[in-house]
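So the structure is just underneath, and the comments pick up after that.
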């Protein structure tokens, strides 16, 4: 799932933060690769993605927001896992969780990557199913990765960022509460529907369908949704080709770690610059991370083709959801 797009034309982020982001995600993977437990490292790396929320602004409010993001990213996998504890209620519980994530991130005016990694973590946890023995790992490993990311991000930010303007930075104007509520409900309903469609069609690990659906729905106008869908398809196809090259090479764990660090570095550099390139880089990164968290599935060609089907199906559902959002939220 690519990070939700920031407004294009932003100034590139400092190189120091980009390198720090790659290091924060890589450290849990390096520790896990050295002990032969890459799945645990992938959970830690998932939490470490919170470092992408390190703000360019030096004001104290975004710092508190960063800590909140780290907590949210850390607990999202276990919350996702809990939605599967009652099989008959999984669909509505999952939809409710996604709606809550969207409502909280929109209320907080969270800039890009927004709710992306909260949703990704929730889907990773839900994909594993409810296994009480896994819950401590689902909570502690992302929490450790997120804590490390906060420390690294703040240290590098303090060294790389200019001091805050004494006058402060004006807070962005948020959406009206009723609009936030409507948006959250629509996201929750369509995420629930995407999961239901994926499961009814018998898709293996169907949580990639709602991931793709939510990514496309993030556009706030019909034109943005159509453009986002086209850019996502182009970027995803290119990203799938990159993933295919990685899989065909049968990489060793250390190679996977290096590839993921380079991908995160690229995502950080292109965020707010080019959505297509960000998707191109984020697709293999998300595929590798989410599949590494699973202990019962290997990276292979069958997995790749399955994910393409998931992404296309989710994108179609997301386009419909975007149309619903547009019909209600567009200016009158």
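The values are calculated or read from the model by the stated rules, or taken from the named source; none is laboratory data. Everything quoted here is computed from the prediction, not taken from an experiment. All Cβ positions, even for glycine, are placed from backbone atoms using ideal geometry, and neighbour counts span all protein chains on display.
Things to note:
- Taken as a whole, the structure places residue 216 among residues that are outside any loop (DSSP other than H, G, I, E, B) and modelled with pLDDT under 85.
- Unique match (being under 28 Å from residue 213 (Cβ atoms) and surrounded by 18 or more Cβ atoms within 10 Å (Cβ to Cβ)) among 98, 152, 71: 98
To keep it simple, each residue is scored yes or no on (1) closer than 17 Å to residue 25 by Cα; (2) in contact (Cβ under 8 Å) with a residue 60 or more places away in the chain; (3) in contact with a strand residue (DSSP E or B) (Cβ under 9 Å, 6 or more places away or on another chain).
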position	(1), (2), (3)
105	no, no, no
127	no, yes, no
138	yes, yes, no
156	yes, yes, no
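- Residues of the range 176-190 satisfying the condition of being more than 21 Å from residue 275 (Cβ to Cβ) and modelled with pLDDT of 70 or more: 177, 178, 179, 180, 181, 182, 184, 185, 186, 188, 189
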